[in-house]
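The values are calculated or read from the model by the stated rules, or taken from the named source; none is laboratory data. What you are looking at is a predicted structure, and each value in this text was computed from that prediction instead of being measured. Cβ sites come from the backbone with ideal geometry, for glycine too, and all protein chains shown count toward neighbours.
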Amino acid sequence: MARALPFRTALITGASSGIGEAMVRVLSAAGTRQIVVARREDRLRELADRYPDIEVLAADLRDGADLARVEARIADEDRPVDLVVNNAGFGTSGAFHELERDRLEDEILVNVTALTRLAHAALGAMVPRRRGYLLNVSSVAGFQPAPRLAVYAATKAYVTSLSESLHEEVRGSGVNVTALCPGLTRTEFQSVSGAEEWSTTYPPFVWLDAEAVARDGLADVARGRALSVPGMLYKGMAAATQMTPRAITRRLSALVQRP
């Protein structure tokens, strides 16, 4: 499948670990040139040493100047990018009123503000060219409320809604926009979000492999799909959520997240 991917040059945020790093591996196997973006420059340099045709762009997407540099790279018509993967993001687990306000603000800055600005830059460059792909990494958490992960779920609901809206806006323009909505995936997300206990709380069969998620997302944006939900379990859960009364969904989510 990797050889059939149509992307010539891709920019991936959050490329230093998890699903983003898996995207780098899959795209490298497909012969795609890449611009890798993350805060941890040392990890990006390791990727550049390991794979060919990788450009390193160290940036903290919470910082306005760094974010502007990434926007400018996407908009550079002399070095066009035909796939942008908005993968950078993080979560915060715990009772909302007990969490650090500044961390929640940073979470919104990365998950929502930075993603929106980079999506705007991507479509601003791609629509006039009548060719391009935008893959926004969301989550199945965005399909329902998630007590104790409230801000993360809210940001991902935004990402999914934005992506579906943009998918329809650019229909017929030669540009595809897709929301990738994975379920539980073994990455650094659990340790960063303060949810390490999930590794033992949830059974092995619910966990997805990061590279499989990356392959599914890249294949689905190439096919022009609006939503990509990897794994039959999570496809079923996403469909069931749409048919279940919201009051029941809220209660079930609360029971699952109960400490």
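Condition first: out of contact with any Leu (no Cβ under 6 Å at 6 or more places or on another chain) and assigned to a loop (DSSP other than H, G, I, E, B). Now tell me which residues in the range 62-90 satisfy that.
Asp63, Asp76, Glu77, Asp78, Arg79, Pro80, Asp82, Asn87, Gly89, Phe90
Filter the range 115-167 for residues that are under 27 Å from Leu99 (Cα atoms) and among the basic types (Lys, Arg) and give the result. Before the answer, list the steps.
Here is the first cut: in the range 115-167, the residues under 27 Å from Leu99 (Cα atoms) are 115-117, 136-162.
Arg117, Arg148, Lys156, listed by residue number.
Determine, yes or no, whether Arg69 is within 21 Å of Gly124 (Cα to Cα) and surrounded by fewer than 17 Cβ atoms within 10 Å (Cβ to Cβ).
Values: within 21 Å of Gly124 (Cα to Cα): yes; surrounded by fewer than 17 Cβ atoms within 10 Å (Cβ to Cβ): yes.
Yes: the conditions hold for Arg69.
Restrict the check to the range 156-168 and report whether at least one residue is surrounded by fewer than 16 Cβ atoms within 10 Å (Cβ to Cβ) and over 22 Å from Ile19 (Cα atoms).
Among the residues of the range 156-168, at least one is surrounded by fewer than 16 Cβ atoms within 10 Å (Cβ to Cβ) and over 22 Å from Ile19 (Cα atoms), which makes the answer yes.
Can Ala59 be described as of a type in the set (Gly, Ala, Ser), over 23 Å from Glu107 (Cα atoms) and touching a residue at least 12 places away in the same chain (Cβ under 8 Å)? Give the derivation first.
Values: of a type in the set (Gly, Ala, Ser): yes; over 23 Å from Glu107 (Cα atoms): no; touching a residue at least 12 places away in the same chain (Cβ under 8 Å): yes.
Against the criterion (of a type in the set (Gly, Ala, Ser), over 23 Å from Glu107 (Cα atoms) and touching a residue at least 12 places away in the same chain (Cβ under 8 Å)), Ala59 does not qualify.
Against the condition more than 15 Å from the chain's Cα centre (by Cα), at pLDDT 90 or above and more than 30 Å from Arg131 (Cα to Cα), how does Ala146 come out, does it pass? Steps first, please.
Values: more than 15 Å from the chain's Cα centre (by Cα): yes; at pLDDT 90 or above: no; more than 30 Å from Arg131 (Cα to Cα): yes.
Here the answer is no, as Ala146 does not meet what is asked.
Give me the residue from the range 122-140 that is in contact (Cβ under 8 Å) with a residue 24 or more places away in the chain and surrounded by fewer than 23 Cβ atoms within 10 Å (Cβ to Cβ) and, out of that set, nearest to Ser93 (Cα to Cα). So that I can check it myself, show each step before the final result.
Initial filter on the range 122-140 (in contact (Cβ under 8 Å) with a residue 24 or more places away in the chain): 122-127, 129-140.
Still in the running and surrounded by fewer than 23 Cβ atoms within 10 Å (Cβ to Cβ): 123-125, 127, 129-131.
Numbers: Leu123: 33, Gly124: 35, Ala125: 36, Val127: 38, Arg129: 41, Arg130: 41, Arg131: 39 Å.
The residue in question is Leu123.
Going by the structure shown, is Ala146 assigned to a loop (DSSP other than H, G, I, E, B), small (Gly, Ala, Ser) and either free of Cβ contacts under 8 Å to residues at least 60 places away in the same chain or in contact with a helix residue (DSSP H, G or I) (Cβ under 6 Å, 6 or more places away or on another chain) (or both)?
Numbers: assigned to a loop (DSSP other than H, G, I, E, B): yes; small (Gly, Ala, Ser): yes; either free of Cβ contacts under 8 Å to residues at least 60 places away in the same chain or in contact with a helix residue (DSSP H, G or I) (Cβ under 6 Å, 6 or more places away or on another chain) (or both): yes.
Against the criterion (assigned to a loop (DSSP other than H, G, I, E, B), small (Gly, Ala, Ser) and either free of Cβ contacts under 8 Å to residues at least 60 places away in the same chain or in contact with a helix residue (DSSP H, G or I) (Cβ under 6 Å, 6 or more places away or on another chain) (or both)), Ala146 qualifies.
Could you list, in sequence order, the residues of the range 20-42 that are over 18 Å from Phe7 (Cα atoms) and either part of a helix (DSSP H, G or I) or touching a helix residue (DSSP H, G or I) at 6+ places or on another chain (Cβ under 9 Å) (or both)? Spell out the reasoning first.
Keep residues of the range 20-42 that are over 18 Å from Phe7 (Cα atoms), which gives 38-42.
Once the filter is applied, which keeps residues that are over 18 Å from Phe7 (Cα atoms) and either part of a helix (DSSP H, G or I) or touching a helix residue (DSSP H, G or I) at 6+ places or on another chain (Cβ under 9 Å) (or both), the range 20-42 yields Ala38, Arg39, Glu41, Asp42.
Failed condition for Val85, given (1) at pLDDT below 95; (2) under 16 Å from the mean Cα position of the chain (by Cα), with all others met?
Looking at each condition in turn, Val85 falls short on (1).
Can you tell me which residues in the range 226-237 are at pLDDT below 85 and in contact with a strand residue (DSSP E or B) (Cβ under 8 Å, 6 or more places away or on another chain)?
Passing the criteria: only Tyr234.
Are there any pairs, at least 6 apart or on different chains, whose C-beta atoms fall under 6 Å, with the first in the range 63-80 and under 14 Å from Ala38 (Cβ atoms) and in contact (Cβ under 8 Å) with a residue 12 or more places away in the chain and the second in a loop (DSSP other than H, G, I, E, B) and not small (Gly, Ala, Ser), and if so, which?
Leu67/Leu61
Among Gly20, Gly14, which is the only one that is on the phi > 0 side of the Ramachandran plot, within 19 Å of the chain's Cα centre (by Cα), modelled with pLDDT of 95 or more and surrounded by 23 or more Cβ atoms within 10 Å (Cβ to Cβ)?
Numbers: Gly20 fails: on the phi > 0 side of the Ramachandran plot.
Among Gly20, Gly14, only Gly14 is on the phi > 0 side of the Ramachandran plot, within 19 Å of the chain's Cα centre (by Cα), modelled with pLDDT of 95 or more and surrounded by 23 or more Cβ atoms within 10 Å (Cβ to Cβ).
For residues in the range 220-237 being surrounded by fewer than 18 Cβ atoms within 10 Å (Cβ to Cβ) and small (Gly, Ala, Ser), which is farthest from the chain's Cα centre (by Cα)?
Among those that are surrounded by fewer than 18 Cβ atoms within 10 Å (Cβ to Cβ) and small (Gly, Ala, Ser), it is Gly236.
In the range 91-119, what count of residues is obtained for those that are touching an Asp or Glu at 6+ places or on another chain (Cβ under 8 Å) and part of a helix (DSSP H, G or I)? Outline the logic, then answer.
Taking the range 91-119 first, the residues touching an Asp or Glu at 6+ places or on another chain (Cβ under 8 Å) are 91-92, 117-118.
Filter again for part of a helix (DSSP H, G or I), leaving 117-118.
The total comes to 2.
From the residues in the range 42-68 that are of a type in the set (Lys, Arg) and more than 19 Å from the chain's Cα centre (by Cα), which one is nearest to Gly14 (Cα to Cα)?
Of the residues in the range 42-68, the ones of a type in the set (Lys, Arg) are 43, 45, 50, 62.
With more than 19 Å from the chain's Cα centre (by Cα) added as a condition, the list becomes 45, 50.
On the way: Arg45: 14, Arg50: 17 Å.
It comes out as Arg45.
So Thr92 clears everything in (1) surrounded by 19 or more Cβ atoms within 10 Å (Cβ to Cβ); (2) within 20 Å of Ala214 (Cβ to Cβ) except one condition, right? Which one?
Going through the list (1) surrounded by 19 or more Cβ atoms within 10 Å (Cβ to Cβ); (2) within 20 Å of Ala214 (Cβ to Cβ), Thr92 breaks only (2).
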